[in-house]
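Input: a single structure, listed below in C-alpha cells.
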Amino acid sequence: MELGVDTFGDVTVDADGLLVPHHQVIRDVVAQGVLADEVGLDFFGVGEHHREDFAVSAPDVVLTAVAARTERIRLGSSVTVLSSDDPIRVFQRFATLDAISNGRAEVTLGRGSFTESFPLFGYDLADYEELFTAKLDLFAALLKEGPVRWAGATRPPLENVTVYPQTASGSLRTWIGVGGSPESVVRAASYGLPLMLAIIGGAPEGFAPFAELYADALAEYGRELQPVGVHAPGHVAATDEQARDEYFPHYAAMAARIGRERGWPPLTREAFEAEVREGALFVGSPETVSAKIIRTATALKLSRFDLKYSAGTLPHELITSCLELYGREVAPAVRAAL
C-alpha cells in the first residue's frame, strides 16, 4: 500500500503567532514536498483553493517546483476542482508536470467542498452538477490520449482533436475524489477510474460500504479492479497527548472559521477527543496513528492512504516534525503490517 501526504497550503502562523504571508507559505509547501520525498513517502499532494486562508490556487505550479527537487515521490493534486476549470487545460498542465517529473504526476478530480472558484471564473452555482458531469466526461475522453470526438452542453464540440503534450507512458493516473455520495462512487466506477474517499468526519470503517459499492459497480460495468484510496486529516507527534495538544487549537480555529460560514457549532475539546478516538482524525503518536491506518486500510481494502497534515494555522515547524515521524516511523510500521 502507498503512504502519502497532502496539504491545501493552509496559511500558517510563525513563532510570534503572526500569519505567514502567502508567498512564504507556498515556499514552505515546496520544502514540505521535498521533505516528504526524503523521508520515503510515496505521494505528495497539493489541493486547490481560492480564498484568503489558503495560499495555493495553482497546485500544478507548486508541484512542478517540488518535481525539480525530487526524483522518486509521486506528485498530484488533492483536489482539482474540475467543475470550474477547463478539462483540456487541466490535462495539459498535469501532462506537463508528468514530463518534468519523469512520469510521476497524477491528478484527483472533484467538485470541491468550497465554491469560491465558481463566481471567480464566471460559473453559475446552479450548474454545479451539470458542469462536473460534462467536464468529467470530456476529461475521461482526453485520458485515451488520441483523437477526441466529444459534444456536450458546456462547450463547443470537439471533432477529432488531439491534445498535447501527451504523456510518455500514455496514461495520466487520475483519481475521482468523493466525499461520501453513492452516486459519485458509482460514477467513478463507470469510467473505470480509481476512487479517493475524503474522510473528514465519522468512523473511517463506516466508509467500507462505499468501497464495496465501488467494487460491485466496477464489476457491473465490466471494468477492471481499481485502487481505492483515503484522504484524512491528522497529525503525528512523539506522544498522543503532545499530538492532540499541538493540533487542537489550530484545527479548532479552522473549524470555527469555516463553521461560521456554514452554520456549524464551535468544536469543543470533548468532540475533538471523540473524533480522534473513534472518528476521522488520525492524531497521535506513531504507534497510535499506525494502528488506526492499519485498521482503516484493512476495513476498506485500500491501495493508498494520504494524511492531510496541514490544519489551519498549524506552524511549519510542527508540520515538518509530523512529516518526519510519519515518513520514518508510521509508514514503515504500516507497510510491515500490511
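The values are calculated or read from the model by the stated rules, or taken from the named source; none is laboratory data. Everything numeric in this text was worked out from a predicted model, so none of it was measured. Quick reminder, even Gly has a Cβ in these numbers, built from the backbone with ideal geometry, and neighbours come from all protein chains shown. Only protein heavy atoms, including side chains, enter the accessible area calculation; ligands, DNA and RNA are left aside. Shrake-Rupley method; radii C 1.70, N 1.55, O 1.52, S 1.80 Å.
Taking the range 171-196 on its own, how many of its residues are of a type in the set (Ser, Thr, Tyr) and in a helix (DSSP H, G or I)? Final tally of qualifying residues: 3. Filter the range 1-42 for residues that are of a type in the set (Ser, Thr, Tyr) and part of a loop (DSSP other than H, G, I, E, B) and give the result. Across the range 1-42, the qualifying residue is only THR12. Just one of the listed residues (ALA140, ALA151, ALA189) is surrounded by 19 or more Cβ atoms within 10 Å (Cβ to Cβ) and of a type in the set (Gly, Ala, Ser), and it is ALA189.
Residues in the range 219-252 that are surrounded by fewer than 24 Cβ atoms within 10 Å (Cβ to Cβ), hydrophobic (A, V, I, L, M, F, W, C) and under 13 Å from ALA311 (Cα atoms): ALA232, PHE248, ALA252.
Would you tally the residues in the range 38-50 being open to solvent by 10 Å² or more (accessible area, probe 1.4 Å) and in contact with a strand residue (DSSP E or B) (Cβ under 7 Å, 6 or more places away or on another chain)? Qualifying residue count for the region: 2.
Taking the numbered list (1) surrounded by fewer than 17 Cβ atoms within 10 Å (Cβ to Cβ); (2) among the hydrophobic types (A, V, I, L, M, F, W, C); (3) not in a helix (DSSP H, G or I) in turn, VAL107 passes all entries but (1). Every test in (1) in a helix (DSSP H, G or I); (2) open to solvent by less than 10 Å² (accessible area, probe 1.4 Å); (3) more than 24 Å from GLU212 (Cβ to Cβ); (4) touching a strand residue (DSSP E or B) at 6+ places or on another chain (Cβ under 8 Å) is passed by PHE272 save one, and that test is (4).
One line per residue, one yes/no per condition, for (1) out of contact with any helix residue (DSSP H, G or I) (no Cβ under 8 Å at 6 or more places or on another chain); (2) in contact (Cβ under 8 Å) with a residue 24 or more places away in the chain; (3) closer than 30 Å to GLU38 by Cα:
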{"site": "ARG69", "(1), (2), (3)": "no, yes, yes"}
{"site": "LEU75", "(1), (2), (3)": "no, yes, yes"}
{"site": "PRO87", "(1), (2), (3)": "no, yes, no"}
{"site": "PHE94", "(1), (2), (3)": "no, yes, yes"}
{"site": "LEU97", "(1), (2), (3)": "no, yes, yes"}
{"site": "ARG104", "(1), (2), (3)": "no, yes, yes"}
{"site": "VAL107", "(1), (2), (3)": "no, yes, yes"}
{"site": "ARG111", "(1), (2), (3)": "no, yes, no"}
{"site": "GLU116", "(1), (2), (3)": "yes, yes, no"}
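Evaluate the range 224-246: report whether one residue or more is assigned to a helix (DSSP H, G or I), aliphatic (A, V, I, L, M) and closer than 22 Å to SER113 by Cβ. No, the conditions are met nowhere in the range 224-246.
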